[in-house]
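Colleague: Sharing a structure, written as structure tokens. Questions coming.
The values are calculated or read from the model by the stated rules, or taken from the named source; none is laboratory data. Computed from a prediction, not measured in an experiment: that's the story for all the values here. Cβ coordinates were reconstructed from backbone atoms using ideal geometry, including for glycine residues, and neighbour counts include every protein chain displayed.
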Amino acid sequence: MKNFSIKDIYSNKVKINEKIKVYGWVRSKRDSKKGISFIDIFDGTCLLTLQAVAKSNLENYEKEIIKLTSGCSLVVTGNIIFSRRQEQKYELLIIKLKVLGLINNPDKYPISLKKHTFEYLRKFAHLRVRTKFFCAISKIRNVLFSTINNFLYKKNFTWVPTPIITGLNTEGSGAMFSVFSSNNDKAKKLSNFKNIFKNKNFLTVSGQLTLESYALALSKVYNFGPTFRSEDSNTKRHLSEFWMLEVEVAFFNLKKIVHLSKIFLKYITEHTLEKCIFEIEFLEKYFSKNIIKNLKNLINLDYVEIEYKDLIKLLNVLGKSISFGEDISLEQEKYVVNKHFCKPLIVKNFPKNLKAFYMRDNPDNVTVASMDIFLPNIGEVLGGSQREERLKILDNKLKKFNLGKDKYWWYRDLRKYGTVIHSGFGIGFERLLCYFTGIDNIRDASPFPKTLRKFYY
Ligand code: ATP
């Protein structure tokens, strides 16, 4: 007798009347007056549950089965039959049910079947994944992750895992977590950064700079991994730990990287929507409106492309006072993306003072070859630029940003030895996932969300 997952059963891998074994947990149980229990079982292999029917003649019916509550784990042996219920195709007639783990005190089970707020569930991230909502999010996250990798693999990109512990401050901002060793003497011996960085090590805010070195040898590379920001942004869009995809391409200028970003977004959206339609429809039915419409917009609509300077003019025309050189506020961004254009928006060529040191100076000497992509209701999801490949200008910028030349010696080497134009972009994975799932708060897009104020795990 074989074990089957619930996904196997609904994928028609089991024959009618076949005797099988299924492992899982109880979602809910209903006992009829006639002495039959209907147990809904989930195993997380798909969103669907399997209804298993237990009759009172089973030897442990009174002693165990009748006492099962939501969350108990079990293994059932039985025959698969067609179900009479419309909502499901199959059910299992139980021959044997073995309880694996009971719920100690069902009244205290934190995720009992009653409705819970998302805020409450965040305290129980280790258990919330047992709900259908977080099961759907996990499935979509997984498909999105592999679709992104597939796209890049097909386009002949090479994956490069860049350092997580680093002495570099890529963004030139102060929003970094320091890394200390619990055994300082040993750490001093081990640290390669000892002399250069005075033992100051951080968790990475971006792998871009090291990724650039690989782009300047392998041409098309990417990094996909955890990123840390200690900025105190208590918003629905910021986490202290999130995953970022960074793509870097040699011989690409800003125009080409904008084009690549667009085809990338369209591809991953089309494929993830197709593969996760069941989960997305479930989320749309019970939790959030218009997910599918928004995703189709990302595939089918032309993205609006606008220069930063023209966006400033437009905002003023729309009655939102802002001067050239100022950062677009969240309220202005929301207005222009959600209400004015109602489309994905690409803003290009920001003023130098708003962007990082590594972005390439434009001939106007005021702006840098940069771009941000904003999605309706999510905000900025992708940021990219052409990198400064001219050593002299890079050195001036390091000085202006107060970043010591010596720390960036190897980054400067790349400009000394066969420099070429190159460009790249970074995209926040959890923000993207919010768009695919209709999640309102990014803390529900991360399995174990970390923000400066709330840190449970
Ligand atoms: P924002 O202005 O929204 O804080 P940023 O300009 O700091 O973003 P970048 O440094 O360009 O963002 O990072 C690249 C991408 O990483 C962003 O487009 C966004 O999708 C994501 N991102 C940045 N900061 C966070 C964060 N704290 N939590 C989750 N995602 C983030």
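Colleague: Of the conditions (1) in a strand (DSSP E or B); (2) under 30 Å from residue 137 (Cβ atoms), residue 93 satisfies every one except a single condition; which number is it?
Modeller: Of everything listed in (1) in a strand (DSSP E or B); (2) under 30 Å from residue 137 (Cβ atoms), residue 93 misses just condition (2).
Colleague: Something else about it: Please enumerate the residues belonging to the range 151-169 that are in contact with a helix residue (DSSP H, G or I) (Cβ under 7 Å, 6 or more places away or on another chain) and over 22 Å from residue 409 (Cβ atoms).
Modeller: Once the filter is applied, which keeps residues that are in contact with a helix residue (DSSP H, G or I) (Cβ under 7 Å, 6 or more places away or on another chain) and over 22 Å from residue 409 (Cβ atoms), the range 151-169 yields 151, 158.
Residue by residue, here is whether (1) charged (D, E, K, R); (2) surrounded by fewer than 13 Cβ atoms within 10 Å (Cβ to Cβ); (3) farther than 30 Å from residue 1 by Cα holds:
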{"site": "77", "(1), (2), (3)": "no, no, no"}
{"site": "86", "(1), (2), (3)": "no, yes, no"}
{"site": "90", "(1), (2), (3)": "no, no, no"}
{"site": "109", "(1), (2), (3)": "no, no, yes"}
{"site": "114", "(1), (2), (3)": "yes, yes, yes"}
{"site": "118", "(1), (2), (3)": "no, no, yes"}
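Colleague: Among (1) closer than 19 Å to residue 238 by Cβ; (2) in contact with a strand residue (DSSP E or B) (Cβ under 9 Å, 6 or more places away or on another chain), there is one condition residue 397 misses while meeting the rest; what is its number?
Modeller: Every condition holds for residue 397 apart from (1).
Colleague: Need the failing condition index for residue 22 against (1) β-branched (Val, Ile, Thr); (2) in contact with a helix residue (DSSP H, G or I) (Cβ under 8 Å, 6 or more places away or on another chain); (3) closer than 30 Å to residue 435 by Cα, just the number.
Modeller: It fails just one condition, (3).
Colleague: Determine which member of the set 181, 173 is over 21 Å from the mean Cα position of the chain (by Cα), assigned to a loop (DSSP other than H, G, I, E, B), modelled with pLDDT under 95 and more than 13 Å from the ligand (Cβ to nearest atom).
Modeller: Within the list 181, 173, the selection yields 181.
Colleague: I'd like the full set of residues that are surrounded by fewer than 20 Cβ atoms within 10 Å (Cβ to Cβ) and among the charged types (D, E, K, R), limited to the range 140-170.
Modeller: Within the range 140-170, 154, 155 meet the criteria.
Colleague: Could you check the range 31-51 and list, in sequence order, the residues that are over 23 Å from residue 282 (Cα atoms), charged (D, E, K, R) and in a strand (DSSP E or B)?
Modeller: Result: 31, single match.
Colleague: Find the residue count for the range 217-270, including only residues that are within 18 Å of residue 147 (Cα to Cα) and among the basic types (Lys, Arg).
Modeller: Counting residues in the range 217-270 that are within 18 Å of residue 147 (Cα to Cα) and among the basic types (Lys, Arg) gives 3.
Colleague: Consider only pairs whose beta carbons are under 7 Å apart and that are at least six residues apart or on different chains; among these, list those whose first residue lies in the range 40-52 and is within 14 Å of residue 89 (Cα to Cα) and free of Cβ contacts under 8 Å to residues at least 24 places away in the same chain and whose second residue is basic (Lys, Arg) and assigned to a strand (DSSP E or B).
Modeller: 40/27
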